[in-house]
Amino acid sequence: MHMATRVLVFTLILTPASAQPPSPYQEVATELAMKIAAALPSAEPAMLSFITIDGADQAGVRQLQTDMARALAARGVRVTETAESASIVRVRVSCLDNLRERACVADMQSAASRQVVAATRPIDPRATRSAPVSLEVQPLFSQRATILDAVVAGDRLVVLEPRSVLRYQRGDTGWQRIDSQPIVTTRVWPRDLRGRVRVDNARIDAFLPGVTCRTAGDGSRLACADEREPWPIAIDNTGVEANRNDFHTPEGLAFFGVAALAADANARWIVAGPTGALLLLDESRGWVATIASGDDVVALTAPCAGPAVLVVSAGRNERPDTLRLFRVLHRQLVPAAAPVELPGRFTALWAAPGATAAIAVVHDASAERYDALQIRIACDR
């Protein structure tokens, strides 16, 4: 009787019990409660809390709080409102909707251990839902020569090639070239060359393996030095060595791409490692988990979606390369939008300043063309 009373009090605090509609998360709550109960140490009480995630069905999440407490009680888990002892297990639950499914993640922490469990359910396409998000891919620039990176700055476009930096101005008929400045270096480029360009007002910085180039403040006189410098990405790095195409953290960890994460990720960064795995790093840039596969990753955000990560995966067995949008919650990837197939093999993926957009470069071998694509999160209304 003591257990039932405490569960009832907890439920009333979270949400009134009167006239609650059927919860869209009810099935997810049942499965998640089963996994939580199985993972909890025997006879240990649990202290529940709920994190509201942008994009979730908010009314459904409130009802989930009631469903979860009841489901745990039915499985013999004693839910408490306060930390009664040092051995109590704190369970933080967060939920998110995407175009295909509902997902809930429970992060369980005690003084001695930590465990994460998750549950998902497909969404009935006939159900009335709040507006989802999707990936919007727009062609930005195309040419036959190799594109390493492209940056839009107002009505200007800067394109980085292996041997030159090109500037364009938006005109009535598209992009009109202003000038082309050569990259002068004695370096021999690696086979899978990558490069990054940064624009600050008129000034341009270009980063290539073992080479750094900068213009004057007015954008003229590109000067290059055969020296390695850190690249402008989301984590401290030592740049890219000559004849290489991967980064290294100051501690020596190799990676191809990186995105900074929000606090509810329980990690500081996600990186795409050289073996095709997505790794989570802590504040010290140390490995904490391997959570999925992916060939490159950048941050991408929008008001309707919150902070997310964009992952590109190379296709296997003649399948197309694919872009996927995820939220990282409690060290798990939660899909946030339907995947998008790229019109060619991806060769580069870079985040724009502020992570409000990303640039993907693809190579269409049949058309003998490189395409720079601008990617944003679209709020479907």
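The values are calculated or read from the model by the stated rules, or taken from the named source; none is laboratory data. For clarity, every value in this text was computed on a predicted model and none was experimentally measured. Methodologically, a virtual Cβ is constructed for each residue, glycine included, from the backbone with ideal geometry; neighbour enumeration extends over all protein chains shown. To get the accessible areas, we keep the full protein, side chains included, count just its heavy atoms, and leave off ligands, DNA and RNA. Shrake-Rupley method; radii C 1.70, N 1.55, O 1.52, S 1.80 Å.
Filtering the stretch 238-255 to residues that are on the phi < 0 side of the Ramachandran plot and surrounded by fewer than 20 Cβ atoms within 10 Å (Cβ to Cβ) leaves 238, 241, 242, 244, 245, 246, 248, 249, 250, 251, 253, 254.
Taken over the stretch 130-142, the criterion of being open to solvent by 50 Å² or more (accessible area, probe 1.4 Å) and either at positive phi or more than 21 Å from the chain's Cα centre (by Cα) (or both) is satisfied by 130, 139, 142. The residues of the stretch 89-104 that are within 15 Å of residue 42 (Cα to Cα) and either at pLDDT below 80 or surrounded by fewer than 17 Cβ atoms within 10 Å (Cβ to Cβ) (or both) amount to a single one, 90. Only one entry in 188, 159, 184, 152 is open to solvent by less than 40 Å² (accessible area, probe 1.4 Å) and among the β-branched types (Val, Ile, Thr), namely 159. The set of residues from the stretch 312-332 being more than 17 Å from residue 136 (Cα to Cα), of a type in the set (A, V, I, L, M) and crowded, with 21+ Cβ neighbours inside 10 Å comprises 328, 329. Scanning the stretch 170-179 for residues that are touching a Leu at 6+ places or on another chain (Cβ under 8 Å) and open to solvent by less than 60 Å² (accessible area, probe 1.4 Å), we see that the one that is nearest to residue 241 (Cα to Cα) is 179. Somewhere in the stretch 220-229, is a residue surrounded by fewer than 20 Cβ atoms within 10 Å (Cβ to Cβ), closer than 21 Å to residue 348 by Cβ and either small (Gly, Ala, Ser) or in contact (Cβ under 8 Å) with a residue 40 or more places away in the chain (or both)? Among the residues of the stretch 220-229, at least one is surrounded by fewer than 20 Cβ atoms within 10 Å (Cβ to Cβ), closer than 21 Å to residue 348 by Cβ and either small (Gly, Ala, Ser) or in contact (Cβ under 8 Å) with a residue 40 or more places away in the chain (or both), which makes the answer yes. Residue by residue through the stretch 141-160, note down the ones that are in a loop (DSSP other than H, G, I, E, B) and in contact (Cβ under 8 Å) with a residue 24 or more places away in the chain. Hits for the stretch 141-160 are 144, 145, 146, 147, 148. Taking every residue in the stretch 334-352 that is under 16 Å from residue 301 (Cα atoms) and pairing it with any residue that is modelled with pLDDT under 90 and small (Gly, Ala, Ser), at least 6 positions away or on another chain, the pairs with Cβ-Cβ distances below 7 Å are 334/103; 336/55; 336/305. For residue 145, the conditions (1) loosely packed, with under 14 Cβ neighbours inside 10 Å; (2) at pLDDT below 95 all hold with the exception of (2). Among the residues making up the stretch 256-306, none is among the aliphatic types (A, V, I, L, M), open to solvent by 30 Å² or more (accessible area, probe 1.4 Å) and in contact with a helix residue (DSSP H, G or I) (Cβ under 8 Å, 6 or more places away or on another chain). Within the stretch 337-365, the set of residues being open to solvent by less than 60 Å² (accessible area, probe 1.4 Å), among the hydrophobic types (A, V, I, L, M, F, W, C), in a loop (DSSP other than H, G, I, E, B) and over 20 Å from residue 305 (Cα atoms) comprises just one member, 342.
The set of residues in the stretch 369-381 being open to solvent by 30 Å² or more (accessible area, probe 1.4 Å) and modelled with pLDDT under 95 consists of 379, 380, 381. Among the residues making up the stretch 266-310, those that are among the small types (Gly, Ala, Ser), part of a loop (DSSP other than H, G, I, E, B) and closer than 21 Å to residue 107 by Cα are 267, 286.
Selection within the stretch 279-305: residues that are of a type in the set (Val, Ile, Thr) and within 15 Å of residue 325 (Cα to Cα). The member of this set that is modelled with the lowest pLDDT is 291. The set of residues in the stretch 202-214 being closer than 15 Å to residue 149 by Cβ and not in a strand (DSSP E or B) consists of 209 alone. In the set (1) over 24 Å from residue 333 (Cα atoms); (2) modelled with pLDDT under 75; (3) not aromatic (Phe, Trp, Tyr), residue 51 fails one condition alone, (1). One residue alone among 37, 19, 29, 59 is under 17 Å from residue 104 (Cα atoms), modelled with pLDDT under 80, out of contact with any strand residue (DSSP E or B) (no Cβ under 6 Å at 6 or more places or on another chain) and aliphatic (A, V, I, L, M), and that residue is 59.
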